[in-house]
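Novice: One structure, as structure tokens, below. Some questions next.
The values are calculated or read from the model by the stated rules, or taken from the named source; none is laboratory data. Computed from a predicted model, the values in this text were never measured in an experiment. Cβ placement follows ideal geometry from the backbone for every residue including glycine, while neighbour counts extend to all protein chains displayed. Just so you know, the surface numbers come from the protein's heavy atoms only, side chains and all, with ligands and any DNA or RNA stripped out. Shrake-Rupley method; radii C 1.70, N 1.55, O 1.52, S 1.80 Å.
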Amino acid sequence: MGISNNIKLITTSIPKHVKLVAVSKTKPISDILEAYNAGQRKFGENKIQELVEKHEALPKDIEWHMIGHLQRNKVKYMASFVDLIHGVDSLKTLKEINKQGAKNNRVLNCLLQLKIAKEDTKFGLSFKDVEAILISEEFKQLSNVNIQGLMGMASFTEDETVIRTEFKTLKKYFNTLKKHNSTNFNPTIISMGMSGDYQIAIEEGSTMVRVGSAIFGTRNYN
Ligand SMILES: *Cc1c(COP(=O)(O)O)cnc(C)c1O
């Protein structure tokens, strides 16, 4: 029982090549420290303000992942320390990330978020959008961003077949896009899988899972 046990159980049950991002959004510092003391170093947040506050309060060897939908005007607050930005869904946002990366003398690692679910509520680019970005001259100029791969979220459904099909689609897109490899597009990461579906995601080729409630328990939003 408990957070540290959950970390150990999940870490030992997933293959070595799959990275675990512990999604700590809404959870207190004490919960994150418990996971940290169990050896967890990658944490994910979806709100920039919360990300910044937790980064300031916690040990500096934590790797912070921004997994939420990005507000362009807030990229500047995390540019000095963020390790990976998962939810990039426009060239405009990439340009802002590039600008803030340059100001901080850093190359900021990003994933492009694809819309693989049928639900309208999910953000993300289409395959065509992604290809258009990757082959554009504008993108090639962005020397302070490094796109390391793709991120996607499956539909919120009990139907395993639907979830599996959506993950397969992301993996297929990833394989197809590899040919656009360039100085700032180095695809090695497929970020897919959450508490309810990370086992399926791994079977379908995920290399990074974002797990919240299965580690920290259910969230209370006020
Ligand atoms: C909240 C969140 C997760 C984790 O969800 P759980 O179901 O609690 O594991 C993963 N990815 C994103 C983008 C999220 O917003």
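Novice: I want to verify the translational diffusion coefficient of the range 1-98 in µm²/s; compute it with Stokes-Einstein, Rh as the Kirkwood radius over Cα pairs, at 37 °C and 0.692 mPa s.
Specialist: 231 µm²/s
Novice: Additional query: For the chain, which longest stretch is free of loop sites, where a loop site is one of the GluC sites (Glu not before Pro) that DSSP puts outside H, G, I, E and B and that has at most 16 other Cβ atoms within 10 Å? Don't jump to the answer; show the numbers that get you there.
Specialist: On the way: sites that count: Glu119, Glu158.
Answer from the scan: 1-118.
Novice: While we're here: Restricting to Cα atoms and excluding each atom paired with itself, what does the Kirkwood estimate give for the chain in Å?
Specialist: Working: mean 1/r = 0.0566 Å⁻¹.
Taking the inverse mean of 1/r over all distinct Cα pairs, the chain comes out at 17.7 Å.
Novice: Turning to a different aspect of this structure: If the viscosity is 1.567 mPa s and the temperature 4 °C, what translational diffusion coefficient in µm²/s does Stokes-Einstein give for the range 60-117 when Rh comes from Kirkwood over Cα pairs?
Specialist: Result for D is 112 µm²/s.
Novice: Under a 5 Å amide H to amide H cut-off, with H placed in plane at 1.01 Å, what residues pair with Lys19 once short-range neighbours are removed?
Specialist: Here Met208, Val209 satisfy the definition.
Novice: Report Tyr221's accessible area, 1.4 Å probe, all protein chains in place, as a number in Å² to the nearest 10.
Specialist: Counting only protein heavy atoms, the figure is 140 Å².
Novice: A further question on this structure: Please work out the Cα center distance from the range 142-210 to the range 1-41, rounded to the nearest Å.
Specialist: 21 Å
Novice: Kindly report, to the nearest 10 Å², the accessible surface of Met78 as traced by a 1.4 Å probe over protein heavy atoms only.
Specialist: That residue has around 0 Å² of solvent-accessible surface.
Novice: Take the range 67-185, drop everything but the C-alpha atoms, weight them equally and run the Debye formula without solvent; then report log10 I(q)/I(0) at 0.11, 0.17 Å⁻¹ to two decimals.
Specialist: The computed values of log10 I(q)/I(0) come out as -0.36, -0.82.
Novice: If you take the Cα atoms of the range 102-142, find Rg, then find the Kirkwood Rh from the mean of 1/r over all pairs, what is Rg/Rh?
Specialist: Details: Rg = 13.2 Å, Rh = 12.2 Å.
Taking Rh as the inverse mean 1/r over Cα pairs, Rg/Rh reads 1.09.
Novice: Further question on the same structure: Using a Cα-Cα cut-off of under 17 Å, which aspartates and glutamates could be cross-linked to Lys140, ignoring same-chain neighbours fewer than 8 residues away?
Specialist: Those aspartates and glutamates meeting the cut-off are Asp89, Glu96, Asp129, Glu131.
Novice: So, one more: Among the listed pairs Lys95/Lys128; Lys16/Lys128; Lys76/Lys118; Lys92/Lys128; Lys16/Lys168, which are separated by more than 25 Å between their Cα atoms? Intermediate values should be presented prior to the final figure.
Specialist: Numbers: Lys95/Lys128 19 Å; Lys16/Lys128 32 Å; Lys76/Lys118 32 Å; Lys92/Lys128 16 Å; Lys16/Lys168 21 Å.
Lys16/Lys128; Lys76/Lys118, as the Cα separations exceed 25 Å there.
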